[in-house]
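Okay, so here's the structure we're looking at.
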Amino acid sequence: MIDGSGALSTAADCEKSAQFCNAYGAHATTIDVCRIGLALDPDNAMLHVYRACAYDERGALPEAVRDCEAALRLAPRGHAAVYALITLALVRERLGDHAGALDAAQAAIALEPADREAHALLGTLLAWHGAYPAAWSELECHWLDERLWFKARFADLREWNGESLAGRRLLLVHGQGLGDMLQMLRYVPQLRARGASVLLECPAPMLDLARAFPGLDGAFAGGTAPRERYDAFARMMTLPRHCGEDAAFGRSGGPYISADPARTAAWARRLPPRDGRVRIGIAWAGNPAHQNDRRRSIPLDAFAPLFDVPGIDWCALQVGPRAHDPARAGFALARLGDGISDLSDTAAIVAQLDLVISADTGVAHLAGAMGVPVWTLLPWRPDWRWSPAAGDTPWYPSMRLYHAGRDGWATVMHDVAHDLRARIGRA
């Protein structure tokens, strides 16, 4: 409880406050709250864990390790121990100790074999290092809610589980973001080669792009695919596992999405004229409802070092609530978002750009799937598909990865600006 002065008066109050502060990014406050709580209850393992998470977020990694180890001494079993091991695994990975990170994740699973977060973490650690065959079944825990929802919806159907597709009519469904869907479209030719006819359910912004995608026998807004046209369903995020994907898949693969010629011609009249300058598109923010949005979306003013590079026409590909974020005074940014009605429009613009620079959004996936050069700006701890250390990715040969550092976006933006000057100098 909070006493009359507004102070935290019990360790339990401090636990609740620390959890809340971590969830909303107030990590300095978490550290202060945990210090107060541990003065009240020095044996409180969860306070050590919450403080370890805050230290991790702030880049104080030795301190995070010490708190995780303290929590494990105080509570070698139970929820606090599992949470401490999960946090320790992430910190060890960030310190470059991949083997130690795997050990901690596996120890968490040994303590609680049904813990969804521990399995998802193990899958992420494996995927970061390209161990995809081992990662896929663990990563399935990321999409457990989606799995349960579709199993309830299609109670009369079996989900495709890798068996023969000869003569089958398969409906692809998806409960994640547009970027994931664009990434997984690469598997449609493989499904066709196995003998399936393939339908796709997708959000309205993707319909026109999907209807032109080679190999699809139809694309429908969510829930509208005629039931008589399919006899099985597949969640798109399971396709890599069922198609036997490994770490070598993307290196020799080419683009698999193309822009509509009519839309491309229409947008050509709206883009800055070709006059020897370089055309670059930017997107700085993803879906604000995404649980990791505060890490992956980028303030537009963080791009300021890039805007100082001469010889560039900048085109904003941003749509949604962040499309009208204010740019630096005097900076010329062609705002295209109000004219973008769907992904086919975005593809038509991207096809006419020399480079795309994007946060971890669907725009980055689209450019990569089209084979357009794209520099993807990632938070210091990216999701499972992007290695936190590598500068490239097998998913998209035309993509280059840039990782934020302990100072947020400041240093990486200067690195991008440096590389941009070098690229333009070679153009």
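222 nm [θ] for the chain, helices only, -39500 (n - 2.57) per DSSP H run of 4+, per residue, to 500?
Taken over the chain, the calculation gives -13000 deg cm²/dmol.
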>> Take ARG277 and ALA166, extend 7 Å from each Cα along the Cα→Cβ direction, and tell me the distance between the two endpoints in nm.
In response: 5.9 nm
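Quote to one decimal, in nm, the extra length available between ALA152 and ASP342 on full extension: 0.36 nm per residue of separation minus the C-alpha distance between them.
Details: separation 190, 0.36 × 190 = 68.40 nm, distance 2.99 nm.
Net length gain for the segment: 65.4 nm.
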> Taking N as the number of residues in the chain, what value does Rg over Cα atoms divided by 2.2 N^0.38 Å take?
Replying inline: 1.07
>> What's the magnitude of the charge dipole for the range 248-358 around its Cα centre, counting Lys and Arg as +1 and Asp and Glu as -1 at the beta-carbon? Answer in Debye, nearest 20.
In response: 140 debye
> Given the C-alpha centroids of the range 96-174 and the range 306-370, what is the distance between them in whole angstrom?
Replying inline: 33 Å
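Assuming a viscosity of 1.306 mPa s and a temperature of 10 °C, what translational diffusion coefficient in µm² per second does Stokes-Einstein assign to the range 96-144, Rh being the Kirkwood radius over Cα pairs? List each step's numbers first, then the result.
Numbers: Rh = 10.5 Å.
My calculation gives 151 µm²/s for D.
Note down the magnitude of the dipole of the range 330-390 about its Cα centre, charges +1 on Lys and Arg C-beta and -1 on Asp and Glu C-beta and zero elsewhere, to the nearest 20 debye.
Numbers: 3 positive and 6 negative charges, 43 e Å.
So the magnitude is around 200 debye.
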> Which of THR264, VAL173, GLY222 sits farthest toward the positive end of the charge dipole of the chain, with +1 on the Cβ of Lys and Arg and -1 on the Cβ of Asp and Glu?
Replying inline: THR264
> Percent antiparallel among DSSP beta bridges with both residues in the chain, to the nearest 5?
Replying inline: 10 percent
> Sorted by mean Cβ packing within 10 Å, highest first, what order do the peptides 172-178, 255-261 take?
Replying inline: 172-178, 255-261
>> What distance in nm lies between label points placed 7 Å from Cα along the C-beta direction at GLU159 and ALA329?
In response: 5.5 nm
>> I need the calculated FRET efficiency for the pair CYS243 and ASP217, taking r as the beta carbon distance and R₀ as 25 Å, to the nearest 0.05.
In response: 0.85
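Based on Cβ point charges of +1 for Lys and Arg and -1 for Asp and Glu, what charge dipole magnitude is obtained for the chain about its Cα centre, in debye rounded to the nearest 20?
On the way: 44 positive and 49 negative charges, 261 e Å.
In debye, rounded to 20, the chain gives about 1260.
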> Out of every Cα-Cα pair in the range 255-393, what percent are more than 22 Å apart?
Replying inline: 36 percent
> How high is the FRET efficiency between ARG116 and ALA268 when r is their beta carbon distance and R₀ equals 51 Å, given to the nearest 0.05?
Replying inline: 0.60
>> With the crude spin-label approximation of a point 7 Å out along Cα→Cβ, what separation in nm comes out for GLN176 versus ARG35?
In response: 4.0 nm
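Quick note: the coordinates plus some simple rules give every number you see, no bench work behind them. Worth saying up front: this structure is predicted, and the values here are computed from it rather than measured. A quick note on method: Cβ atoms are made from the backbone with ideal geometry, for glycine too, and the neighbour counts reach across all protein chains shown.
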